[in-house]
Amino acid sequence: MLTSTLPELIKPIKLARQGLILKGVFPLSGMKRLTADAFSKEGSVEVDIVFTKDGEGYPLMQGTVTTCVQLQCQRCLEGVGVDLELTLSLAFVQKESRVEQVPSIYEAVLLDSEEISLIELLEDELILALPIMAYHSDCEAYRYRTDKELESEKMAEQKPENPFDVLKQLKGKIK
Ligand SMILES: [Zn+2]
């Protein structure tokens, strides 16, 4: 089954049983948390995902989510497009005790109801992939930076040790 209209709410376990393929586009402006600090809210999020079950019966959502977010370049303060291309492999569970049992090749998503917001689920994934700081790789202002400043920027860019811990906290907030 293939649908090109992206639903707002999805029932992942039912969709995994049906083997639904979803391809479509969300406006970036619909992702308010993702674009809160963005330079511009223009753009779209391309979604190409499939719901399926693995051999152990885990309901899965797999595929790619692609967008380009306009952030503010921390060197020249102009907009800079940051490409995000995520390959997702999510496994849905309905009990918190089962989160730990999910094979590590998947990212566990705890459902607190049958239905969840697809846009919020994807937005959480994109937020995790956002760089802490953005700048043009060939920025005009680059040449005026000292080595020390560049070094401290590099340190600030480093991602948290375990992004999945952050993810679990975010997932818990999805209603
Ligand atoms: Zn710049």
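Annotations for the structure displayed:
- Accessible-area composition of segment 2-171, carbon plus sulfur, in percent [1.4 Å probe]: 49 percent
- ³J(HN,Hα) computed for each position of segment 53-66 - Karplus, 6.51 cos²θ - 1.76 cosθ + 1.60, integer Hz, glycine/proline x: 10, 8, x, 8, x, 5, x, 10, 10, 10, x, 10, 10, 10
- Full-stretch length increase - Val50, Lys32 - with 0.36 nm per residue and alpha-carbon distance subtracted: 4.0 nm
- Residue-span extension gain [Glu153 to Ser40] - 0.36 nm each, minus C-alpha spacing: 38.4 nm
- Cα long-axis angle, helix 118-129 against the chain (0 to 90 degrees, to the nearest 10): 40 degrees
- Taking every protein chain into account, the accessible area of segment 2-171 amounts to 58 square angstrom per residue (probe 1.4 Å).
- With the alpha-carbon atoms of the chain aligned to their principal axes, the span from lowest to highest coordinate is 57, 33, 26 Å, starting with the largest.
- Amide H to amide H, with H built 1.01 Å from N, Val45 comes under 5 Å of Phe26, Leu28, counting only residues 5 or more places away or on other chains.
- Rounded to whole Hz, the Karplus (6.51, -1.76, 1.60) HN-Hα couplings of segment 78-90, x for glycine and proline: 8, x, 9, x, 10, 7, 10, 10, 9, 9, 9, 8, 9
- Remark: relative contact order (segment 2-171) = 20 percent; criterion is Cα-Cα distance under 8 angstrom and separation of 6 or more residues.
- Long-range amide H partners of Cys73 with built H, under 5 Å: Glu78, Gly79, Val80
- C-alpha long axis of helix 147-157 to longest principal axis of the chain, angle in °: 10 degrees
The values are calculated or read from the model by the stated rules, or taken from the named source; none is laboratory data. Keep in mind that what you see is a predicted model, and the values were worked out from it rather than measured. These accessible areas exclude ligands, DNA and RNA; they are computed on the full protein's heavy atoms, side chains included. Shrake-Rupley method; radii C 1.70, N 1.55, O 1.52, S 1.80 Å.
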